[in-house]
Structures are given as structure tokens and as C-alpha cells.
1. Is the range 110-169 best put as rounded, prolate or oblate by its Cα gyration tensor, with a ≥ b ≥ c the root eigenvalues, rounded for a/c under 1.5, and otherwise prolate when a/b is larger than b/c, oblate when not?
2. Please state, to two decimals, what the Cα-based radius of gyration of the range 20-127 comes to when divided by 2.2 N^0.38 Å (N = residues).
3. Return the Rg/Rh value of the chain, two decimal places, where both radii are evaluated on C-alpha atoms and Rh is the Kirkwood radius.
4. Using DSSP to call loops (not H, G, I, E or B), can you name the GluC sites (Glu not before Pro) in the range 131-201 whose Cβ has at most 13 other Cβ atoms within 10 angstrom?
5. Select from the chain the helices, each a whole stretch of DSSP H, whose alpha-carbon atoms run 18 Å or more along the helix axis and whose Kyte-Doolittle mean is at least 0.0; answer none if there are none.
6. As a check on your grasp of the helix formula, calculate [θ] at 222 nm for the chain: sum -39500 (n - 2.57) over DSSP H runs of n ≥ 4, divide by the residue count, round to the nearest 500.
7. Amide H of ILE104 versus every other amide H placed in the peptide plane: which residues, excluding those fewer than 5 positions away on the same chain, fall under 5 Å?
8. Kirkwood Rh and Cα-based Rg: tell me the resulting Rg over Rh for the range 213-265, rounded to two decimals.
Amino acid sequence: MFINPKTMLLGVFLFALPALGIAQTWTHEGGTLNLDEAPKRIVALNWAATETLLLLGITPVGVADMSGYNAWVKEPELPDDATNVGTRVAPNLEAIAELEPDLIVTSTEMAPATELLEQIAPTYVISVYKPDIRPFDKAREMLVTLGDMVDRKDQAEAVLTDIELTLKQQRDRLEHAELTDTPVALVSFQDHRHVRIYTESSLYQAALESLGLTNAWPNLGNYWGFSSIGLESVAQIPDSRLVVIEPLVPGLAGSLENSPFWTYLPPVRSQQIYQIPRAWPFGGVYPVKRLAVALTDALLEGGSNNVR
């Protein structure tokens with residue numbers, strides 16, 4: 001059988017393409033990004049990006065504000081072998097350059113520094129928190145895109161499948177107990193008199209909707225997904241369950257027991273106060289899973305008239 005030499009050469013060339021490394025291009029908030037191969041040394045300049053890389057099984061070589069991540073985000077756990085590269089609002093460009101990264105992940109809050117970052121390494125810009133954006137959708141986009149960049153698409157899909165399954169399981173638990181009817185207000189205490197109340201623009205909203213729950217707070221918040229209000233404003237949502245998210249202000253429980261703003265709130269008088277562990281409200285996809293499990297456990301356990 002005769003084989004055309006040109007056909008043979010074409011086949012050899014096509015077979016060799018993956019080994020040669022074919023550049024791929026991604027469009028992002030800072031323009032376009034071209035990579036010849038999957039990056040291995042990645043610097044993350046916000047905690048949502050750090051969390052996302054860890055979910056993909058990649059430890060960033062550099063992380064902005066490592067101690068803050070370990071204190072506030074906690075999961076996924078950040079190994080000690082990452083290097084701190086300054087703060088999230090003012091990263092140390094020299095420290096980043098010394099790590100010789102082949103990819104930097106940042107957001108538009110760092111727009112003034114993007115050109116400088118691009119002189120160090122290819123830079124991917126994506127903002128989970130911006131006006132008129134649903135944070136969970138954007139966080140999911142970041143996970144999928146980074147999974148594609150680092151050649152771990154299967155891992156990204158596995159993470160999302162696990163989250164979807166967990167959310168469904170928690171919703172089934174609540175529906176079986178007939179606990180989805182009463183709206184839920186999610187708050188974090190700022191001091192003894194003021195709270196952040198999370199709105200429909202928050203990351204937490206994805207957990208509430210997936211659990212079949214209604215957000216009790218009807219007003220709009222900022223693009224980070226919350227409003228700062230006085231305790232007395234909670235009286236605007238009388239038929240609701242009030243869920244307090246840790247950490248608590250020192251001495252809070254004692255102060256609330258003697259506070260007229262607290263003791264006369266409808267959720268307090270009806271013993272519809274719930275307390276749950278922290279789940280970072282400004283992260284990627286993983287806090288939605290953490291919040292859903294903690295919230296479901298708390299609602300099934302039952303409410304009280306105070307925080308603990």
C-alpha cells in the first residue's frame with residue numbers, strides 16, 4: 001500500500017504538537033492571557049484565588065496576607081511552604097519577582113499594579129466581587145478557568161460536583177424536617193449594637209437558594225453583599241430566624257442579655273436565634289458548602305434566645 005510522504009509528515013507533526021506546547025489564550029478583565037504550557041509556579045493576590053488554587057490541589061508559591069488567610073478563611077488549609085508576598089491591597093512586587101512565577105492571579109482592585117505585575121509574569125485578572133455580579137457564579141468561573149489553565153479540569157469539575165451534592169443533601173434534610181418555610185437573616189456582629197446583614201448580592205445567597213431558604217432581609221447591600229445596620233433595624237423582619245455567624249465580639253453574650261435593642265427583637269422573643277461557625281463571606285465556591293452544612297445543622301438543632 002502506498003503512503004503519501006506528505007501525509008506521513010503531517011501525521012508526525014500533529015502527533016508532536018502536544019510535546020511542542022501550543023499556546024492557549026484566555027480573555028479576562030485585564031485583557032488577554034497567553035500561556036505556552038500549564039503554569040506551575042503561581043502567585044495568588046487575594047484569598048478567593050488562594051482558596052481556588054488549593055481546591056485544585058495546587059499550593060501557590062506566593063500568597064498575599066498568609067496570616068489573614070489562616071485566621072479568617074482556614075479552609076482549604078494553606079500549607080506552610082507558601083511565601084507571603086505582602087498585603088492584598090499592597091503586595092510586594094520585589095518579593096513576587098523573586099519567586100519567579102509563571103502566573104499571577106489578581107482582581108481589579110489591583111488594577112493600578114496590573115501593568116507592573118505583567119512585567120513579572122502573565123497575569124490573570126478576575127473579580128468575584130463587583131457591582132451587578134453574582135459572586136458564586138464568578139467564583140465558579142474562576143475555578144473552571146484556572147482548572148483549564150493548570151490542566152486540572154477534572155479536579156475543578158469534581159469540586160463543583162461535590163458542592164452540588166452537598167447542597168442537595170442539606171436541602172433534603174431541611175425539607176424532610178419541614179424547616180424551609182421561615183425566612184433566614186444572616187448576620188455578623190461588628191460591635192454590641194451593630195451587625196453586618198448579608199443581602200441577596202452576597203456569596204451566602206447561593207447557599208440560601210440552594211437550601212430552599214428565603215433571605216429575610218429585603219434591602220439592597222453593597223457589591224460585597226452586606227449592609228451595616230443597627231440591631232434595632234432587625235425589627236423590620238419580625239417573622240424570621242436570625243443566624244449569627246462567628247466570630248463573636250468579646251463579651252457579646254452578656255451585653256445582649258441586658259440590651260433592650262436585643263431582648264425585644266421578635267426572633268429573640270420567639271427563640272429563633274441560631275449561631276454557626278465562620279464561613280468566609282468574601283471567598284470562592286468553598287464557603288458556600290461550609291455555610292450550607294453549618295446552617296442546616298443549626299436549624300435542625302433548634303433555636304434559642306441568645307448567642308453563646
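Computed from the coordinates by the stated procedures, all read-outs in this text should not be read as laboratory data. Being a predicted model, the structure only gives us computed values, none of them experimental. Virtual Cβ from ideal backbone geometry, glycine too; neighbours counted across all protein chains shown.
1. Because a/c hits 1.5 or more and a/b fails to exceed b/c, the range 110-169 counts as oblate.
2. 1.00
3. 1.09
4. GLU178
5. 5-20, 286-301
6. Only helices count here, giving -11000 deg cm²/dmol.
7. Long-range HN contacts for ILE104: VAL43, THR123, TYR124.
8. Ratio of gyration radius to Kirkwood radius: 0.97.
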